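Any read-out appearing in this document is the output of simple, stated calculations on the displayed coordinates, not a laboratory observation. The structure displayed is predicted, hence computed values, not measured ones. Neighbour counts are summed over all protein chains in view; Cβ atoms, including those assigned to glycine, are modelled from backbone coordinates with ideal geometry.
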Amino acid sequence: MSTGPGSGKAANQPSSIKRIQRLERLERERLEETYRREERRRQIIAGAKPAGGRNDLVDDIERVTKYPMALLGIAWLVIAIVIGSADVRGTAPAVLVGTLFVLWVILLAEYLVRLVVSPDRRGYLRRRWVEPVTVVVPPLQGWHVVGIEKMSLLVHEGALRVSAVLRHHSLFRVLIAAAGTLFVGSWLVLLFEENASGSNIHSYLQALWWAIVTVTTVGYGDRYPVTEGGRAVAVVLMLVGIGLIGVLTATVASVFVKEHTDANREEYQRGHADLGQRLSVIGERLADIERRLGATPADIAAVDAAADALDAAGEPAEPDQPASAP
């Protein structure tokens with residue numbers, strides 16, 4: 001069959017449409033891979049919680065004991081505060097310390113009972129990896145009320161967010177450089193101020209405290225340099241502190257903006273997919289029109305005959321092969 005001037009364009013779609021479709025496909029694959037990684041991570045953290053048999057017994061034990069254990073954790077904290085702050089003499093300190101130890105043993109025994117009863121101890125520990133912390137630090141027993149498995153996931157999510165902030169724009173390197181400047185600045189100030197007349201910085205701890213106060217722009221005022229060299233170091237630390245605060249603020253804001261953009265990206269992706277499909281259909285129809293404008297009557301008759309054959313076979317006509325008019 002002979003072809004007209006527009007038949008060459010019919011063989012290929014416009015390059016702009018191809019680029020849109022390729023970009024759309026790459027974006028869709030990236031989002032799908034991100035979703036799969038997220039699901040795998042959640043499954044690794046939470047795991048498939050088994051049910052039946054001793055697993056139900058473990059759940060029953062925790063359901064009965066979670067509120068009493070949370071109250072024991074609060075009682076442990078109150079007694080620890082009393083021991084650390086109150087001025088008690090005689091047998092009272094020994095009694096309080098003994099009570100503190102007894103409460104801790106009760107919390108530990110309850111945890112070990114559940115761990116021993118569990119038929120899958122490895123999976124139990126993997127799903128509830130933060131629970132040993134609640135035994136070491138009894139006030140955190142309140143996590144049982146929220147749910148240890150949920151808290152494990154939340155703590156892991158928080159760690160991932162902190163890690164993302166530190167990796168964003170190499171913030172971790174900036175913090176390392178700032179920390180190095182802080183320690184070196186403390187040492188230099190001590191060299192200038194240790195034996196100076198009227199100085200109030202005579203040890204490295206005092207110099208470090210002053211440097212921290214200066215870098216964070218707090219300006220507490222209890223320690224300050226009196227020598228020219230110490231003041232020069234102070235100027236450097238002040239500038240580092242201003243830059244550090246600005247970098248931290250900008251980085252955290254950038255991370256939140258990125259998360260907001262990622263949350264809306266799926267919606268944009270669907271809109272781009274719909275646009276790509278519409279442009280594809282328009283391109284095919286334009287190619288068909290161009291071919292028909294340059295085709296001979298015999299070419300058009302052949303296309304119509306092919307469309308009639310498709311209709312007779314029960315197959316829909318392609319956009320570039322429309323069915324003939326009745």
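Please work out how much length the chain gains when fully extended from residue 97 to residue 126, using 0.36 nm per residue of separation minus the C-alpha to C-alpha distance, in nm with one decimal. Could you put the intermediate results ahead of the total?
Numbers: separation 29, 0.36 × 29 = 10.44 nm, distance 3.30 nm.
Separation in residues times 0.36 nm, less the Cα-Cα distance, equals 7.1 nm.
Relative to the present Cα-Cα distance, how much length would full extension add between residue 56 and residue 289 at 0.36 nm per residue of separation?
Numbers: separation 233, 0.36 × 233 = 83.88 nm, distance 6.94 nm.
Between residue 56 and residue 289, full extension yields 76.9 nm more.
Taking R0 as 30 Å, what's the FRET efficiency between residue 253 and residue 176 from their Cβ-Cβ distance, rounded to 0.05?
Details: r = 21 Å, r/R0 = 0.71.
Plugging the Cβ-Cβ distance into 1/(1 + (r/R0)^6) gives 0.90.
Would you work out the Kirkwood radius for the stretch 131-200? I mean one over the mean of 1/r across all pairs of different Cα atoms, in Å. It would help to have the intermediate numbers written out before the result.
On the way: mean 1/r = 0.0622 Å⁻¹.
That comes to 16.1 Å for the stretch 131-200.
Once you put a point 7 Å from the Cα of residue 30 and another 7 Å from the Cα of residue 75, both along the Cβ direction, what distance in nm separates them?
5.7
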